[in-house]
Amino acid sequence: TFVAQPRVHRQAWRLRSFSQDMHDRGLRPSSRILEIAQEVASPDIARALGVSPGARVILVRRERLADDRPMALERTLLIPACAAVLGADLERGSLHEALADLGYRPAVARGTIRPEPAGAEDAETFEVPLGEPLLVETRLVYDAGGTPVEHTESRYSPRRYVLDIE
């Protein structure tokens with residue numbers, strides 16, 4: 001017999017930052033930075049973000065936590081104009097708030113949700129067996145003016161996270 005932690009539900013049809021979503025549930029959001037770098041955008045990412053082929057984009061990889069419990073692994077690519085966001089506190093603060101402070105207020109997202117087997121990092125982070133199905137959300141976030149600013153892949157264990165759809 002064991003006591004399972006309740007799953008966190010997120011309304012998949014609404015664009016909300018992870019931080020705001022956790023605050024609204026009475027949980028304390030935080031992140032652990034895994035990597036911050038520049039990388040050359042793949043042709044698909046360059047096209048999606050509206051940057052020149054071969055442009056360098058900003059990579060932010062984070063483990064997203066709620067009350068210090070791992071909830072998601074995120075890999076975010078930002079347009080070069082958002083590089084100043086790296087001066088923000090991305091461990092305790094919201095990336096979307098930092099983007100808004102730069103004049104890029106996230107307003108709309110389009111994406112997909114697909115199953116994918118847990119790799120080694122996923123299995124260790126979420127304490128699940130290697131190969132266990134995960135929910136993987138890929139989304140492109142646009143600001144209020146329609147400029148694509150963020151491409152994010154979020155990996156969730158369905159043991160901890162549920163996406164609600166309306």
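The table that follows gives values for the structure above.
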read-out	value
Filter result for the condition that a residue is surrounded by 14 or more Cβ atoms within 10 Å (Cβ to Cβ), in contact with a His (Cβ under 6 Å, 6 or more places away or on another chain) and modelled with pLDDT under 90, over SER17, SER94, SER31	SER17
Single condition ALA107 does not satisfy, out of (1) under 22 Å from GLU121 (Cα atoms); (2) modelled with pLDDT under 95	(1)
Residue satisfying all of: in segment 126-154; open to solvent by 30 Å² or more (accessible area, probe 1.4 Å), in contact (Cβ under 8 Å) with a residue 40 or more places away in the chain and under 16 Å from the mean Cα position of the chain (by Cα); nearest to PRO106 (Cα to Cα) among these	HIS151
Selection status of ALA100, open to solvent by 10 Å² or more (accessible area, probe 1.4 Å), free of Cβ contacts under 8 Å to residues at least 12 places away in the same chain, assigned to a helix (DSSP H, G or I) and within 14 Å of VAL141 (Cα to Cα)	yes
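The values are calculated or read from the model by the stated rules, or taken from the named source; none is laboratory data. Owing to the predicted nature of the structure, the values given are computational and were not obtained by experimental measurement. Please note: Cβ atoms are built from the backbone with ideal geometry, for glycine as well, and neighbour counts cover all protein chains shown. Note: accessible area is taken over every heavy atom of the protein model, side chains too, but ligands, DNA and RNA are not part of it. Shrake-Rupley method; radii C 1.70, N 1.55, O 1.52, S 1.80 Å.
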